[in-house]
Amino acid sequence: MHVCSAMKVAIPTWHGRVSPVFDVAKQLLVVVVEGGVEVSREDQGLDEMDLPRRAGRVAELGVDVLICGAISAPLECMLVSAGVRVVGHVCGPVKEVLEAFVTGQLTDTAFLMPGCCGRQRGARRRHRGGRCRPGTPGGTV
């Protein structure tokens, strides 16, 4: 998928790489991409440890897509419910991950977190009560 219209992409960072666990990440890189080109970027502190507040903070920043490593099911569901598309189980240098996303190459197994054993991203069929299913608007990829 090529990114054509403007969107905000957020990536939790740790030492220049995608943070391994979003639930406890302290830094968030927010990048505006338009027509496949980075227009702006800013680092945001992420001090909220309470999951609803963390999800609210990401939504408050106007994030369209969150690219992250591991993420708990409750937090993922909160983000999806807030209209944020979550692309999880991603690892690698932030620069390469962002470039792969913009060019539609993020599905490459080179960016799949170790231990995922080829598991399809977003393979959760459904969360409790049937809510927050992948494939719904803003759902998991």
13 Å reach of a label modelled at Asp108, 7 Å along Cα-to-Cβ, counting backbone N of segment 31-52: none
Derived scalar couplings ³J(HN,Hα) [segment 99-107; Karplus, 6.51 cos²θ - 1.76 cosθ + 1.60; whole Hz; x for Gly, Pro]: 4, 5, 4, 4, 8, x, 9, 5, 6
Met78 accessible area, 1.4 Å probe, all protein chains in place, Å² to nearest 10: 60 Å²
Heavy atoms of Asp50 accessible to a 1.4 Å probe, total area in Å² rounded to 10: 80 Å²
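Carbon and sulfur together cover what percent of the accessible area of segment 17-69 at a 1.4 Å probe radius?
Roughly 48 percent, rounded to a whole number.
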Long-range amide H partners of Arg17 with built H, under 5 Å: Val94
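The values are calculated or read from the model by the stated rules, or taken from the named source; none is laboratory data. Note that the coordinates shown come from a computational prediction; the quantities given were computed from them, not determined experimentally. Heads up, the Cβs are rebuilt from the backbone with ideal geometry, glycines too, and the neighbour counts pull from every protein chain shown. For the accessible areas, the whole protein counts, side chains as well, though only heavy atoms, and no ligand, DNA or RNA atoms are used. Shrake-Rupley method; radii C 1.70, N 1.55, O 1.52, S 1.80 Å.
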